[in-house]
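Trainee: This is the structure I want to talk about, given as structure tokens.
The values are calculated or read from the model by the stated rules, or taken from the named source; none is laboratory data. Because the structure is predicted, anything quoted here is derived from the model rather than measured. No Cβ is skipped: glycine too gets one built from the backbone with ideal geometry, and neighbour counts run over all protein chains shown. Accessible surface is based on the protein model in full, side chains and every heavy atom, while ligands, DNA and RNA are left aside. Shrake-Rupley method; radii C 1.70, N 1.55, O 1.52, S 1.80 Å.
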Amino acid sequence: MRHLKTDIGVVGGGLGGVAAALAALRRGRRVVLSEEYPWLGGQLTSQAVPPDEHVWVEQFGITATYRRLRDGIRAYYRDAYPLTDAARRDPQLNPGRGRVSRLCHEPRVALAVITKMLAPHLSSGRLTVLQPHVPVAAETTDGLVRSVTLRHQETGADTVVEAAFVLDATETGDLLPLTGTAYVTGAEGRGETGEPSAPETADPANMQSIAWCFVFDHVDGDHTIERPADYDHWRSLAPEFWGDAMLSFTAPSPRTLEPETRTFNVNPPYDTVGGKEAHGDDPGDLDLWVFRRIAARETFLPGSLDSDIVLANWPQLDYLGGNVIDTPDRDEHLRAAKAQSRSFVYWLQTEAPRPDGGTGWPGLRLRGDVVGTDDGFAQAPYIRESRRIRAMRTVVEQDVAVAVRGHGRPATFEDSVGVGMYRIDLHPSTGGDNYIDVECAPFEIPLGALVPVETRNLLPAAKNIGTTHITNGAYRLHPVEWNVGESAGELAAFCLDRSLHPGDVLAKPELVRRFQAALTEAGVEIHWPEIIGY
């Protein structure tokens with residue numbers, strides 16, 4: 001068994017984990033970073049989801065290192081791709097011209113930029129990256145995590161990491177049960193949180209659906225996959241509130257909950273579909289092709305692409321059959337989620353209604369090369385909801401929802417360690433809920449939400465902070481996860497420099513102010529200007 005000793009162990013190499021490692025490393029700390037999947041970057045890379053961001057992202061409201069990541073992605077395209085002159089000159093280059101974000105791009109480009117950002121720290125020897133590893137055990141005494149055991153996914157070999165601080169940046173808060181850290185899952189009851197959108201009764205198993213994304217294009221030839229053995233099952237699945245079968249172009253509108261039929265225009269003529277990106281009151285996903293398109297032909301010189309490249313992360317992929325946290329059926333639900341997506345691919349290729357009156361697009365071709373897999377599906381499922389720590393401060397709907405607060409001005413916290421913005425956006429859940437979509441104020445991330453009630457040297461660094469089932473719907477997106485991870489890495493380094501624990505910092509306003517000053521110096525915005533949410 002291998003043993004490693006380090007200052008800070010970051011378990012989970014998604015966006016929060018990468019940001020946490022970078023923050024600790026710039027403070028001169030040694031870091032061991034582990035990740036389950038072949039690609040670092042989590043929801044941006046191995047899960048293949050383009051960034052979900054707020055309307056002000058090009059001006060403010062993200063950390064300096066997250067901006068460096070975004071700028072690096074654009075620079076990579078300018079350096080390596082045959083862009084048109086107009087695209088090359090565009091300071092807000094959007095390679096996919098997708099509507100979900102002002103920066104829709106291929107996941108492997110984000111991986112290249114993340115690798116570049118970490119490279120000098122690997123060379124210095126202060127960073128050790130362990131892949132593909134998952135946490136399987138931990139030793140905790142008197143509220144202190146002494147070590148975490150990581151297991152290699154292929155060889156089964158174990159590595160024990162001893163660290164002064166341990167950061168849980170896993171997608172589902174996997175360190176929390178291993179370390180005995182108090183946590184919550186699923187939906188809290190209204191009696192506990194007072195949230196208007198919460199159910200009357202708590203349901204720990206009621207979580208947002210996961211989705212297994214895939215990438216495709218459309219070219220000449222027949223690229224139809226083999227008919228899935230369970231295709232008839234998925235073809236007949238029709239949740240009561242859906243308005244049609246899951247294998248259709250119909251899904252509920254998040255805002256009205258009424259069934260809505262989307263369009264699917266394959267390789268549409270330039271500038272005929274889309275327009276400005278979808279934000280604010282525009283849900284933007286009425287045409288599935290352009291919504292999360294990650295490479296648009298018009299971005300590149302003529303002849304560079306035979307087809308647009310599209311990322312499928314659509315309502316029809318939302319898996320409602322069960323959750324993957326604290327259940328013995330986890331592997332079966334993961335298999336089923338991918339099977340649902342595979343059947344949707346087959347439906348698109350063979351039965352989907354075309355605008356010309358025909359059915360199916362056999363020219364749709366899965367692009368595993370774009371996502372680093374053999375089958376065209378993402379390396380990992382898209383995870384929307386995690387275990388969440390029992391925190392010293394839990395953000396509730398009343399803190400951030402426009403309707404409850406009576407206005408959309410920023411939701412502030414005196415101990416803020418970052419900012420974020422997204423509507424409270426919960427996809428249909430494993431408990432049978434339809435969408436929950438609530439107008440949200442620009443919000444801050446309170447330090448108290450990063451401090452567990454008991455465990456003293458473990459910090460959440462992803463979607464596992466002190467939010468509720470409801471507010472997780474706003475705090476779960478790419479730039480917020482990055483900010484949470486970065487602030488957690490900074491907090492661990494801050495405490496190590498002063499022989500403190502996070503609870504010590506939270507308890508003293510003067511220490512909170514010193515920590516906030518350190519964050520500001522590092523390029524972390526901790527307050528919003530006077531703007532209005534949506």
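Trainee: Can you go through T140, T115 and tell me which one is at pLDDT 95 or above, in a helix (DSSP H, G or I), open to solvent by 10 Å² or more (accessible area, probe 1.4 Å) and among the polar types (S, T, N, Q)?
Mentor: Testing whether each residue is at pLDDT 95 or above, in a helix (DSSP H, G or I), open to solvent by 10 Å² or more (accessible area, probe 1.4 Å) and among the polar types (S, T, N, Q) leaves just T115.
Trainee: Quick one: would you say E36 is part of a loop (DSSP other than H, G, I, E, B), touching a residue at least 40 places away in the same chain (Cβ under 8 Å) and farther than 24 Å from V290 by Cβ? Talk me through it step by step, then tell me what you get.
Mentor: On the way: part of a loop (DSSP other than H, G, I, E, B): yes; touching a residue at least 40 places away in the same chain (Cβ under 8 Å): yes; farther than 24 Å from V290 by Cβ: yes.
Against the criterion (part of a loop (DSSP other than H, G, I, E, B), touching a residue at least 40 places away in the same chain (Cβ under 8 Å) and farther than 24 Å from V290 by Cβ), E36 qualifies.
Trainee: Mind checking whether some residue in the range 126-135 is in contact (Cβ under 8 Å) with a residue 12 or more places away in the chain, more than 25 Å from the chain's Cα centre (by Cα) and part of a loop (DSSP other than H, G, I, E, B)?
Mentor: Step one: of the range 126-135, the residues in contact (Cβ under 8 Å) with a residue 12 or more places away in the chain are 126-135.
Remaining after also requiring more than 25 Å from the chain's Cα centre (by Cα): 126.
Now drop any that are not part of a loop (DSSP other than H, G, I, E, B), which leaves 126.
Yes, the conditions are met somewhere in the range 126-135.
Trainee: Here's a follow-up. What number of residues within the range 196-205 are open to solvent by 60 Å² or more (accessible area, probe 1.4 Å) and either free of Cβ contacts under 8 Å to residues at least 12 places away in the same chain or touching an Asp or Glu at 6+ places or on another chain (Cβ under 7 Å) (or both)?
Mentor: So the count comes out to 2.
Trainee: With under 20 Å from V396 (Cβ atoms) and in a helix (DSSP H, G or I) as the only criterion, which of A449, A493, A488 stands out? Even if it seems obvious, please write down each step before you answer.
Mentor: Values: A493 fails: under 20 Å from V396 (Cβ atoms); A488 fails: under 20 Å from V396 (Cβ atoms).
It is A449.
Trainee: Follow-up. Tally up the residues in the range 335-351 that are open to solvent by 30 Å² or more (accessible area, probe 1.4 Å) and either modelled with pLDDT under 95 or farther than 19 Å from L44 by Cα (or both), please. Show your work before the answer.
Mentor: First, pick out the residues of the range 335-351 that are open to solvent by 30 Å² or more (accessible area, probe 1.4 Å): 335, 338, 342, 346, 350-351.
Checking the rest, the ones that are also either modelled with pLDDT under 95 or farther than 19 Å from L44 by Cα (or both) come to 335, 342, 346, 350-351.
Number of matching residues: 5.
Trainee: Specify which of the listed residues (D374, D356) is closer than 24 Å to Y319 by Cα, assigned to a loop (DSSP other than H, G, I, E, B) and not hydroxyl-bearing (S, T, Y).
Mentor: Numbers: D356 fails: closer than 24 Å to Y319 by Cα.
Answer to the selection: D374.
Trainee: Using the structure shown, decide if H121 is under 26 Å from R68 (Cα atoms) and either in contact with a Lys or Arg (Cβ under 6 Å, 6 or more places away or on another chain) or open to solvent by less than 10 Å² (accessible area, probe 1.4 Å) (or both).
Mentor: Against the criterion (under 26 Å from R68 (Cα atoms) and either in contact with a Lys or Arg (Cβ under 6 Å, 6 or more places away or on another chain) or open to solvent by less than 10 Å² (accessible area, probe 1.4 Å) (or both)), H121 does not qualify.
Trainee: Report whether or not A462 is in a helix (DSSP H, G or I) and crowded, with 24+ Cβ neighbours inside 10 Å. Write out each step before concluding.
Mentor: Numbers: in a helix (DSSP H, G or I): no; crowded, with 24+ Cβ neighbours inside 10 Å: yes.
Taking the combined requirement at face value, the residue does not satisfy it.
Trainee: Taking the conditions exactly as written (surrounded by fewer than 22 Cβ atoms within 10 Å (Cβ to Cβ), at pLDDT below 95 and within 29 Å of D308 (Cα to Cα)), does R89 satisfy them or not?
Mentor: Details: surrounded by fewer than 22 Cβ atoms within 10 Å (Cβ to Cβ): yes; at pLDDT below 95: no; within 29 Å of D308 (Cα to Cα): yes.
So R89 fails the test.
Trainee: Quick check on my filter: what residues within the range 64-109 are in a loop (DSSP other than H, G, I, E, B), of a type in the set (D, E) and more than 18 Å from L15 (Cα to Cα)? Steps first, answer last, please.
Mentor: Looking only at the range 64-109, we keep the residues that are in a loop (DSSP other than H, G, I, E, B), and these are 81-82, 84, 90-106.
Next cut, of a type in the set (D, E) only: 90, 106.
Within the range 64-109, D90 is the sole residue that qualifies.
Trainee: Also: Inspect the range 206-217 for any residue being over 21 Å from V49 (Cα atoms), touching a Pro at 6+ places or on another chain (Cβ under 7 Å) and open to solvent by 10 Å² or more (accessible area, probe 1.4 Å) and give the result as yes or no. It would help to see each step written out before you state the result.
Mentor: From the range 206-217, those over 21 Å from V49 (Cα atoms) are 206; that's our starting set.
Filter once more, keeping what is touching a Pro at 6+ places or on another chain (Cβ under 7 Å): none.
No.
Trainee: Starting from the range 10-22, take each residue that is under 13 Å from Q47 (Cβ atoms) and list its partners that are open to solvent by 10 Å² or more (accessible area, probe 1.4 Å) and not hydroxyl-bearing (S, T, Y), counting only C-beta distances under 7 angstrom and pairs at least six apart or across chains.
Mentor: G12/E35; G12/E171; G13/E35; G13/L40; G14/E171
Trainee: Considering only the range 450-457, I want to know if a residue exists there that is within 30 Å of A251 (Cβ to Cβ) and either at pLDDT below 95 or surrounded by 24 or more Cβ atoms within 10 Å (Cβ to Cβ) (or both).
Mentor: Keep residues of the range 450-457 that are within 30 Å of A251 (Cβ to Cβ), which gives none.
No, the range 450-457 has no match at all.
Trainee: Hey, another quick one. Mind listing just one residue for me: the one in the range 397-419 that is open to solvent by 10 Å² or more (accessible area, probe 1.4 Å) and among the charged types (D, E, K, R) and, of those, nearest to A449 (Cα to Cα)?
Mentor: If we take residues in the range 397-419 being open to solvent by 10 Å² or more (accessible area, probe 1.4 Å) and among the charged types (D, E, K, R), then D415 is nearest to A449 (Cα to Cα).
Trainee: If you don't mind, there's one more thing I want to ask. Scan T193, T181 and give me the residue that is among the hydroxyl-bearing types (S, T, Y), touching a residue at least 40 places away in the same chain (Cβ under 8 Å), open to solvent by less than 10 Å² (accessible area, probe 1.4 Å) and within 30 Å of P502 (Cβ to Cβ).
Mentor: Details: T193 fails: open to solvent by less than 10 Å² (accessible area, probe 1.4 Å).
Checking each option against the conditions leaves just T181.
Trainee: Search the range 352-384 for residues being open to solvent by 20 Å² or more (accessible area, probe 1.4 Å) and basic (K, R), and hand back the single one that is nearest to Q153 (Cα to Cα).
Mentor: R367
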